[in-house]
Amino acid sequence: AQSVTQLGSHVSVSEGALVLLRCNYSSSVPPYLFWYVQYPNQGLQLLLKYTTGATLVKGINGFEAEFKKSETSFHLTKPSAHMSDAAEYFCAVSGTSYDKVIFGPGTSLSVIP
Amino acid sequence: DTGVSQDPRHKITKRGQNVTFRCDPISEHNRLYWYRQTLGQGPEFLTYFQNEAQLEKSRLLSDRFSAERPKGSFSTLEIQRTEQGDSAMYLCASSLDAGFEQFFGPGTRLTVL
């Protein structure tokens, strides 16, 4: 079985500040891990993914995440927040067969000018 | 490549009515997935197809729900005798095959009055 928890349903940061969104997962099989972003009234867009290899993964729009197996974590970071980063962010996990993706509850990011 | 498309984008119906949604995957994508997203939650897996074969159904998919992909191209999701609890965003995704990234459509927002 797989599951995802995201600490903090809502995070506010100032423009230019560090963005840190937390994600912990549970998986009985080697996981694939993902971060998706969803803007209002839009579909999900993949920010980045970890499958195998390098544990620090870089994605679009300056985001990156680090897979830490010992901590079962996959936190998302961005050095400097931009107003356009305000959105809902979902952490997700799947097995290596990528049959279905299990999503976390989401974290709403607000960026304060 | 026009991406995954879904129709309609919005549907308002009265309790007890039947509704049908359509999903057109990216051309030549063999896998097609359906998810449901309620307000403030992450998407939840419903079912997926490999070509025309429905390979897995979630327990969330009650007997009132049926999905088809008759020719291995587009898919339909029908909800019979809708209930207010069916109000949600219904997301479709497609992938080239097993083990490949899922691309999401914009979703169909269902409101049951």
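The values are calculated or read from the model by the stated rules, or taken from the named source; none is laboratory data. Everything numeric here is computed off the predicted structure, so don't read it as measured data. Using ideal geometry, Cβ is built from the backbone for each residue, glycine included, and neighbour counts are taken over all protein chains shown. What goes into the accessible areas is simple: the full protein's heavy atoms, side chains included, and nothing from ligands, DNA or RNA. Shrake-Rupley method; radii C 1.70, N 1.55, O 1.52, S 1.80 Å.
What FRET efficiency, computed as 1/(1 + (r/R0)^6) with R0 = 35 Å and r the Cβ-Cβ distance, is obtained for A:T52 and B:S62, rounded to the nearest 0.05?
On the way: r = 37 Å, r/R0 = 1.05.
It comes to 0.40.
Heavy-atom accessible area per residue, region B:57-113, 1.4 Å probe: how many Å²?
Result: 47 Å² per residue.
If every alpha-carbon in chain A counts as one equal scatterer, what log10 I(q)/I(0) does Debye give at q = 0.11, 0.14, 0.24 1/Å?
Treating every Cα as an identical point scatterer, log10 I(q)/I(0) equals -0.31, -0.51, -1.44.
Only protein chains counted, 1.4 angstrom probe. Which residues of region B:35-66 are at least 10 Å² less accessible in the assembly than when their chain is isolated?
B:Y35, B:Q37, B:G40, B:Q41, B:G42, B:P43, B:F45, B:Y48, B:E56
With a 10 Å cut-off between alpha carbons and a GNM built on chain B, which of B:G16, B:G40, B:G72 moves the most?
Result for chain B, Cα springs under 10 Å: B:G40 fluctuates most.
Scan chain B and report its longest stretch carrying no GluC sites (Glu not before Pro) that are both in a DSSP loop and have at most 12 other Cβ atoms within 10 Å.
Answer from the scan: B:29-82.
Measure off, as a whole percent, the carbon and sulfur share of the 1.4 Å-probe accessible area of region B:34-113, all protein chains present.
The computed percentage sits at 48.
So how much accessible surface do B and A hide from each other in total, probe 1.4 Å, in square angstrom to the nearest 100?
Chains B and A together bury roughly 1500 Å² of accessible area.
Hey, any idea what Rg/Rh is for chain B, computing Rh the Kirkwood way over Cα pairs?
Here Rg/Rh amounts to 0.95.
Under a 1.4 angstrom probe, counting protein chains only, how are B:L39, A:L18, B:L60, B:L91 ranked by accessible area, largest first?
Sorted by accessible area, descending: B:L39, A:L18, B:L60, B:L91.
What residue among B:R22, B:R36, B:R81 has the largest mean-square fluctuation in a Gaussian network model of chain B, using Cα springs under 10 Å?
Looking only at B:R22, B:R36, B:R81, the largest GNM fluctuation is found for B:R81.
Using a/c under 1.5 as the rounded threshold, could you call the protein assembly as shown rounded, prolate or oblate? The axes a ≥ b ≥ c are square roots of the C-alpha gyration tensor eigenvalues, and prolate needs a/b larger than b/c, oblate otherwise.
On the way: a/c = 1.91, a/b = 1.45, b/c = 1.32.
Cα axes put the protein assembly as shown in the prolate bin.
Computed FRET efficiency, Cβ-Cβ of B:R22 and A:T96, R0 35 Å: what is it to the nearest 0.05?
Working: r = 31 Å, r/R0 = 0.88.
Approximately 0.70, to the nearest 0.05.
Grab the other residues whose beta carbon is less than 13 angstrom from that of A:T55, score K and R as +1, D and E as -1, and report the net.
Here the charged neighbours net out to +1.
Counting only protein heavy atoms and a 1.4 Å probe, tell me what percentage of chain A's accessible area is made up of carbon and sulfur.
After summing per-atom areas, the C and S share lands at 54 percent.
Which of A:L33, A:L56, A:L47 ends up with the largest GNM mean-square fluctuation for chain A, with Cα atoms connected below 10 Å?
Of the options given, A:L56 has the highest mean-square fluctuation.
Run the reach check for B:K14 against lysines, Cα to Cα strictly under 19 Å, same-chain hits fewer than 8 apart removed. What comes back?
none
Which loop-located GluC sites (Glu not before Pro) does region A:1-72 contain, where loop means any DSSP state but H, G, I, E or B and the Cβ has at most 14 other Cβ atoms within 10 Å?
A:E15
For A:S110, what residues show an amide H to amide H distance below 5 Å, using hydrogens built from the backbone and excluding near sequence neighbours?
For A:S110, the qualifying residues are A:V11, A:S12, A:V13.
Do any residues of region B:95-113 show a loss of at least 30 square angstrom of accessible area between the isolated chain and the full protein assembly, using a 1.4 Å probe, and if so which?
In region B:95-113, residues shielded by partner chains: B:G99, B:E101, B:Q102, B:F104.
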